[in-house]
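The values are calculated or read from the model by the stated rules, or taken from the named source; none is laboratory data. The structure displayed is predicted, hence computed values, not measured ones. Cβ coordinates were reconstructed from backbone atoms using ideal geometry, including for glycine residues, and neighbour counts include every protein chain displayed.
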Amino acid sequence: MTTLRGMTWSHPRGYDPMLAVSAAWAENGNPMITWDKRSLQDFESYPVEELARNYDLIVIDHPHVGQITAEGCLIPLPGAPEIARGSVGLSYPSYHWQGQQWAYPIDAAAQVQALRPELAAAPENWDEVLDLAASGVVALPLRAPHALMCFYTLCANAGHPCRNEGAGQLIPREAGIESLDRLSRLTALIDPACFDWDPIDLLDRMATGTGILCAPLIYGYVSYARRDCTATRLSFHDIPQSYPGAGVGGSALGGTGIAVSAFSQHCDAAIAFAQHIAGPEVQRGRYAASGGQVGHAAAWTDPQVDAAAGGFYSGTARSLGAAWLRPRHDGYMGFQQRASQRICQALRDRDFGAAINDLETLFAASFAAD
């Protein structure tokens, strides 16, 4: 019998639902699928082409689409209206590039706020975040690429989204300096260890009780809010406004999609499974029940799914619906890593003008691959 190979990322949210859905798929007479996993850092930076030569199905994030299109390592997928209609914010179109759909969204995410239960309410704006941080209970994940994600979110929420289509100025200079200054005022009040933490590191610390009560900008993880969570359950909320009245738009979109290798010998079977796992019934059924963070609106808005997730979906829906799409051109992935490192440097030395100059240089250079 045909067996497909899949690659996902090594967190229960990314791995457990793939196993559960694949097992049920095989029980119904379809091909078996075995799954391997890689770290969050590898997921954000590992070359997709190398994975495509060894796997039939690959879980990716949307900023890779320009690179994988240029490399020809994934096959374009057929249109899926039922999945498209269920897009949470820009999740479905985020995988559409140069007229083709390169993945179906299976997991929707954006930067949101995470709170421990000791905190009665989420800060509504950045001034409230700073007031709370002065008491030593706030943290941010700043390990690359997350410092850049925080910068992106602050810029977009303030009404100056960074460029995400084509070459040109990344951000108006004064707006970029203002967002770096806003971010630095927070990082001056938090543990410097945050520069080495990704979202999982920080959420693990919050859930096990280390004195951190609030992460005001962090990618949401339903695993920490579910009713069956074995540690202290966290609550998730919309992002704080960069200033009063700014709204909650502009959060840097994350999430994952499922793609099919161009080197697969079983493309039809792989596409069929991709459509199956991204569809509404599986998403609000076995996928959600197995610890997945759902990527279809039919699941996102299902009251039973939301209740099992501790209100995770209803608590963050506005931020997801108004999230900002990152650049996706070939060459962007290198920029994402280097830009995040440069922002971390700026948060320490506070030379924001020089940092914006360098970000513009890095961004321009990222188009050399086009």
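Only one entry of A109, A134 meets the criterion of being crowded, with 24+ Cβ neighbours inside 10 Å and of a type outside the set (S, T, N, Q), and that entry is A109. Against the conditions (1) over 28 Å from W126 (Cα atoms); (2) outside any helix (DSSP H, G or I); (3) among the basic types (K, R), R233 satisfies every one except (1). Assessment of the range 35-54 against the conditions (of a type outside the set (A, V, I, L, M), over 30 Å from C229 (Cα atoms) and crowded, with 21+ Cβ neighbours inside 10 Å) yields no matching residue.
Among the residues here, L90 qualifies as part of a loop (DSSP other than H, G, I, E, B), in contact with a strand residue (DSSP E or B) (Cβ under 8 Å, 6 or more places away or on another chain), surrounded by 21 or more Cβ atoms within 10 Å (Cβ to Cβ) and not small (G, A, S).
Within the range 192-203, residues that are assigned by TED's automatic domain parsing to the domain that holds G220 sit with their Cβ atoms under 8 Å from residues that are of a type in the set (S, T, N, Q) and surrounded by fewer than 19 Cβ atoms within 10 Å (Cβ to Cβ), at 6+ positions apart or across chains, in these pairs: D198/Q41.
Mind checking which residues of the range 239-279 are part of a loop (DSSP other than H, G, I, E, B) and either of a type in the set (V, I, T) or within 18 Å of the chain's Cα centre (by Cα) (or both)? Listed by number, the residues that qualify are I239, P240, V248, G249, G250, S251, G254, G255. For the range 94-119, the set of residues classified as under 23 Å from G79 (Cβ atoms) and touching a residue at least 40 places away in the same chain (Cβ under 8 Å) consists of S94, Y95, W97, W102, A103, Y104, P105, I106, D107, A108, listed by residue number. Any residue that is assigned by TED's automatic domain parsing to the domain that holds A158, within 25 Å of C155 (Cβ to Cβ) and within 22 Å of the chain's Cα centre (by Cα) - is there at least one of those in the range 230-237? Checking the range 230-237: at least one residue is assigned by TED's automatic domain parsing to the domain that holds A158, within 25 Å of C155 (Cβ to Cβ) and within 22 Å of the chain's Cα centre (by Cα). Summed over the range 144-161, the residues that are touching a Pro at 6+ places or on another chain (Cβ under 8 Å) and surrounded by fewer than 24 Cβ atoms within 10 Å (Cβ to Cβ) give a count of 1. I'd like the full set of residues that are over 17 Å from G249 (Cα atoms), touching a residue at least 12 places away in the same chain (Cβ under 8 Å) and surrounded by fewer than 17 Cβ atoms within 10 Å (Cβ to Cβ), limited to the range 162-176. Result: E165, G166, A167, Q169, P172, R173.
In the set G66, G99, G79, which member is surrounded by 15 or more Cβ atoms within 10 Å (Cβ to Cβ) and either touching a Pro at 6+ places or on another chain (Cβ under 9 Å) or farther than 30 Å from F151 by Cβ (or both)? Result of the check over G66, G99, G79: G66. Can you find even one residue in the range 216-227 that is surrounded by fewer than 19 Cβ atoms within 10 Å (Cβ to Cβ) and either of a type outside the set (S, T, N, Q) or within 16 Å of the chain's Cα centre (by Cα) (or both)? Yes, there is a match, as at least one residue in the range 216-227 is surrounded by fewer than 19 Cβ atoms within 10 Å (Cβ to Cβ) and either of a type outside the set (S, T, N, Q) or within 16 Å of the chain's Cα centre (by Cα) (or both). Of all positions in the range 337-356, none carries a residue that is among the hydroxyl-bearing types (S, T, Y) and more than 17 Å from the chain's Cα centre (by Cα).
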